[in-house]
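The next block holds one structure in the form of structure tokens; read it before the comments.
Derivation of every value follows stated rules applied to the coordinates shown; laboratory data play no part. Predicted model only: the values in this text are computed from it and were never measured. Quick reminder, even Gly has a Cβ in these numbers, built from the backbone with ideal geometry, and neighbours come from all protein chains shown.
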Amino acid sequence: MTKALAQKRIQKLKKEIDHYRYVYHVLDQPEISDAALDSLKKELFDLEQQYPDLVTSDSPTQRVGGKPLDKFTKVKHPTRMLSLNDAFSEEDLQDWQKRLHRLTENAQLDFFVEPKLDGLAISLIYENGLLKIGATRGNGLIGEEVTNNLITIESIPLRLREIPEATKVKTIEVRGEVYMTKKVFDKINRERQKAGEAIYMNPRNTAAGTIRQLDPAIVKSRELRFSAYALPTNLGQTTHQQEHILLKKLGFRTDPSATAAKNLQEVWSVYQNIQKKRDHLPYQIDGVVVVVNSNKQFARLGIVGKAPRASIALKFPAEQAVTVIEDIVVQIGRTGALTPVAHLKKVAVAGTTVARATLHNIDEIKRLNVKIGDTVIVEKAGDIIPDIIQVLPNLRTGKEKNFTMPKFCPSCGSKIIRHANEVAYYCPNHACFSQQKERFYHFVSKKAFNIEGLGPKIIDHLLTAGLLNTPADIFNLTENDLQSLERFAEKSASNLIIAIKKSRTISLPRLIFALGIRHVGEQTALTLAEKFLTFARIQNASAEELQNIHDVGIIASHSITAYFQQRKNQIYLAKLLPHLIVQKVKKTDTKKLAGKYFLFTGTLQAQTREDAKQSVRNNGGQVMSGVSKKLDYLVVGEKPGSKLLQAQKLGIKILNESEFLKLLN
């Protein structure tokens, strides 16, 4: 092929490849296969190798990014890259609007709302349509030039697609966010885990670290993406909404959820809709950005510090927050175990107000070195109760107090004991009223009899009224009994009696778990049910028989036999069992997960956590309640808690939900 023909062919190939890049990486609408696109790129590469002087900076072959750099150079931004002030509630949003109205003499304001991607802010400079400089935000005035890395990102055009003819602007600046998808992040972590390397914590930090890699080849392998959100250069736009339209014409991806809003009511509605979709998006977001839509009003409102007045970041509820421990109080459980509970200065975490957090046991208090009066970080992930994960000792005033376990039960006054080789302290009085209440709460809980409408407050009323002595008495309750209680209407009494009748039909594992036998959790209850098949056989099993069952052990076996041998429990069961219809146990067909221990953290998408746990058990595996060296797999969903970090430190294998499902199937 002659040079003239090659030049024409190269121009056509470049245009065609850029089109397919655009529809794939910007519009998410691929028109040809990856293999076909690779073939076009190969032809272009071969022609450019034959005629090197025909290679231009906007050629798709130049996305390799060049040789590794020794260091990054500094670059000054044409205009300052600003940060945003935060809002966390509808009230914060209204206060922001009031401030704007004072400055604009109550002028009519409309807004533009877009998801706040959790990535790295980037500035792109185009000269005569060609990408010249790409830089990080840095301190807002000066950033680092990372052009070699940015040209490896397929969603960043090397040449602008369409520039308005009416403008004579030669230099155009575009700003946006470089981010990493959740799918790519999971893939990178799987590869690092197989290589015995520490896994990364989150996509945002991984994307930021990737952009600052000196070797563009590493950046290219990380499959980063870019979403544009601002067009500082004046191309005739008068609103932020028009900027988004122009950005699309220039060849950039903008977030499809971005939309205009006439007022704050519409802003809040958009915020709530995006929040609902948050976990299902392919990338992480931590809120929305609300912008005064009019560019003239935006400029007139000006800047305070490093943030524009006319824009604000409306954040989603945090899963971590800082608060103060006002007191530590012990809670007596159904087995008599004392659990220290931190009473906190109220704080919003994950969309709820948190006033208490568990401290688990005295060893955990010592590990955290926590004191009454300490400033602490509280975490709430998914439906898990809040945990204190870190103390901030530098904020101590010297007035903090150490916590010690009480010597006597705060409920019944019995002397507290601690068994050898156990972490927990116990109240030995089985008749302790606090223990009694907790046994009732456990009996009706979701994993046991799951009696809808029978919560702690109603149980407390029934106990105080003398209508309940043991959980068996629940099944003797009548509508008249309930209507005699304060605040119990005829309808609610009828509904509760229906729920109680419904709960009489129960599976054998749930029944065993509901009894609250010490050292018998969900997994042990399932193991016992599958081994003995009937309740009567479990009742009559010897300690030796129980010990021979995998994972029951000596301590649990003695606890089980002791429970069934106690006269008071025999009387209780004689009252309870006639009320129940105990379903037969279904034997598991497969033991593919036999001997494997699983733990779950975060929110799963394809199934509930309870369903996932049951799938493990159905396949012969076991589910743990906490991280330990015994654990084989930690299955991680959206918004995982501190268990992820604990598992990483111990080198536990981490699975995402899709990997877990593959393991099952």
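Show me, for region 469-479, the HN-Hα J-couplings you get by feeding each phi into the Karplus relation (A = 6.51, B = -1.76, C = 1.60, θ = phi - 60°), rounded to Hz, glycine and proline as x.
With coefficients 6.51, -1.76 and 1.60, one gets 10, 10, x, 4, 5, 4, 7, 9, 5, 10, 4 Hz.
If you rank Y22, Y51 by fewest surrounding Cβ atoms within 10 Å, what's the result?
On the way: Y22 18, Y51 14.
Ascending number of Cβ neighbours within 10 Å: Y51, Y22.
With axes computed from alpha carbons, what is the tilt in degrees of helix 264-277 against the longest principal axis of the chain, rounded to the nearest 10 within 0 to 90?
Approximately 70 degrees, to the nearest 10.
About its Cα centre, what dipole magnitude does region 85-315 give when the only charges are +1 on Lys and Arg Cβ and -1 on Asp and Glu Cβ, stated in debye to the nearest 20?
Working: 34 positive and 27 negative charges, 60 e Å.
In debye, rounded to 20, region 85-315 gives about 280.
When the Cα centres of region 594-665 and region 517-543 are compared, how far apart do they sit, in Å?
24
Take the residue pairs K12/K42; K220/K249; K591/K649; K345/K371; K584/K613 and return only those whose Cα atoms are more than 18 Å apart.
Values: K12/K42 14 Å; K220/K249 25 Å; K591/K649 29 Å; K345/K371 14 Å; K584/K613 20 Å.
In this structure, K220/K249; K591/K649; K584/K613 lie more than 18 Å apart at Cα.
Take the alpha-carbon centre of region 289-313, take the same for region 337-356, and report the distance between them in whole Å.
Comparing the Cα centres of region 289-313 and region 337-356, I get a distance of 37 Å.
To the nearest 20 debye, what is the magnitude of the charge dipole of region 320-395 about its Cα centre, counting +1 on the Cβ of each Lys and Arg and -1 on the Cβ of each Asp and Glu? Spell out each step's value before the answer.
Values: 8 positive and 8 negative charges, 19 e Å.
Result for region 320-395 is approximately 80 debye, rounded to the nearest 20.
Using a Förster radius of 56 Å, what is the FRET efficiency between N540 and T238 based on their Cβ-Cβ separation? Nearest 0.05, please. All intermediate terms of the calculation are to be shown ahead of the outcome.
Working: r = 84 Å, r/R0 = 1.49.
It comes to 0.10.
Please compute the contact order of the chain in relative form: average sequence separation of alpha-carbon pairs under 8 Å and at least six residues apart, divided by the residue count, as a percent. Let's see the in-between values first.
Working: 1121 pairs, mean separation 60.1, N = 665.
Relative CO of the chain lands at 9 percent.
What list of ³J(HN,Hα) couplings, whole Hz, do you get for region 123-132 from phi and the Karplus terms 6.51, -1.76, 1.60, once you set θ to phi - 60° and write x for glycine and proline?
Karplus values, whole Hz, x for Gly and Pro: 10, 10, 10, 10, 10, 6, x, 9, 5, 10.
Within 10 Å of each candidate Cβ there may be at most 10 other Cβ atoms; applying that plus a DSSP loop requirement, which trypsin sites (Lys or Arg not before Pro) in region 458-535 survive? Please report the intermediate quantities before stating the final value.
Numbers: sites: R487, K491, K501, K502, R504, R510, R518, K531; in loops: R487, R504, R518.
Passing sites in region 458-535 are R487.
List H77, H461 from most exposed to least, where exposure is judged by having the fewest other Cβ atoms within 10 Å.
On the way: H77 21, H461 16.
Going from sparsest to densest Cβ surroundings: H461, H77.
Of T524, Q29, Q483, which is farthest along the charge dipole of the chain in the positive direction, counting Lys and Arg as +1 and Asp and Glu as -1 at C-beta?
T524
What are the residues whose amide H is under 5 Å from the amide H of N85, where those residues sit 5 or more places off or on another chain and H is modelled from the backbone?
A313
Does region 597-664 classify as rounded, prolate or oblate by the C-alpha gyration tensor (a ≥ b ≥ c root eigenvalues; a/c under 1.5 gives rounded; else a/b over b/c gives prolate, otherwise oblate)?
It comes out oblate by the Cα gyration axes.
Rounded if a/c is under 1.5, else prolate if a/b is larger than b/c, else oblate: which is region 320-395, with a ≥ b ≥ c the root eigenvalues of its Cα gyration tensor? If you can, show how the numbers build up before the last one.
Numbers: a/c = 1.77, a/b = 1.18, b/c = 1.50.
Oblate, because a/c is 1.5 or more while a/b does not exceed b/c.
Loop only per DSSP, at most 10 neighbouring Cβ atoms within 10 Å: give me the GluC sites (Glu not before Pro) in region 427-495, ordered by residue number. Write down the numbers at each step before the final one.
Working: sites: E438, E452, E479, E486, E490; in loops: E452, E486.
Passing both the DSSP loop test and the Cβ count: E486.
Treat the count of other C-beta atoms within 10 Å as a stand-in for reagent exposure and order V289, V423 from fewest to most.
V423, V289
For the chain, what size does the Cα cloud have along each of its three principal axes, sorted from largest down, in whole Å?
Sorted largest first, the three principal extents are 100, 64, 53 Å.
Please list, in chain and number order, the residues 5+ apart from I163 or on another chain whose amide H is under 5 Å from its amide H, with Hs placed from the backbone.
Excluding prolines and chain starts, which carry no amide H, there are no hits.
Can you give the helix-only mean residue ellipticity at 222 nm for the chain, where every DSSP H stretch with n ≥ 4 adds -39500 (n - 2.57) and the sum goes over all residues, rounded to the nearest 500 deg cm²/dmol?
Numbers: 24 runs with 242 residues, N = 665.
When only DSSP H runs of four or more count, the value is -10500 deg cm²/dmol.
Using +1 at the Cβ of each Lys and Arg and -1 at the Cβ of each Asp and Glu in region 394-454, identify which of T404, N429, S445 lies farthest towards the dipole's positive end.
Of T404, N429, S445, it is T404.
Which ³J(HN,Hα) values, rounded to whole Hz and listed in residue order, are derived for region 579-584 from phi using the Karplus coefficients 6.51, -1.76 and 1.60 in 6.51 cos²θ - 1.76 cosθ + 1.60 with θ = phi - 60°, glycine and proline given as x?
Running phi through 6.51 cos²θ - 1.76 cosθ + 1.60 with θ = phi - 60° gives 7, 9, 10, 8, 6, 5 Hz.
Which value, in debye to the nearest 20, describes the size of the charge dipole of the chain about its Cα centre when Lys and Arg Cβ atoms bear +1, Asp and Glu Cβ atoms bear -1, and nothing else is charged?
Rounded to the nearest 20 debye, it is 760 debye.
Could you work out the relative contact order of region 433-583, using alpha carbon pairs under 8 angstrom and six or more residues apart, expressed as a whole percent? Walk me through the numbers on the way to the answer.
Working: 145 pairs, mean separation 37.5, N = 151.
Relative contact order, region 433-583: 25 percent.
Below 11 angstrom from the Cβ of A647, what's the summed charge of the other residues (Lys, Arg +1; Asp, Glu -1)? Numbers along the way, then the final one.
Values: positive: K629, K643, K649, K653; negative: D632.
Net local charge, A647 excluded: +3.
Starting from the amide H of Q583, placed 1.01 Å from N in the peptide plane, find each other amide H under 5 Å away whose residue is 5 or more places distant or on another chain.
Those lying under 5 Å, H to H, from Q583 are I506, S507, L508.
Within region 154-245, list the GluC sites (Glu not before Pro) lying in a DSSP loop whose Cβ has at most 15 other Cβ atoms in a 10 Å radius. Write out the running numbers ahead of the final one.
Numbers: sites: E154, E162, E165, E173, E177, E191, E197, E223, E243; in loops: E154, E162, E165, E197, E223.
Answer in residue order: E162, E165, E197.
At what distance in angstrom do the alpha carbon centres of region 188-264 and region 440-479 lie from each other?
Cα centroid of region 188-264 versus Cα centroid of region 440-479: 53 Å apart.
Would you mind putting 205-216, 633-644 in packing order, based on average other-beta-carbon counts within 10 Å, highest first?
Values: 205-216: 18.2, 633-644: 20.7.
With the highest mean Cβ count within 10 Å placed first, the list reads 633-644, 205-216.
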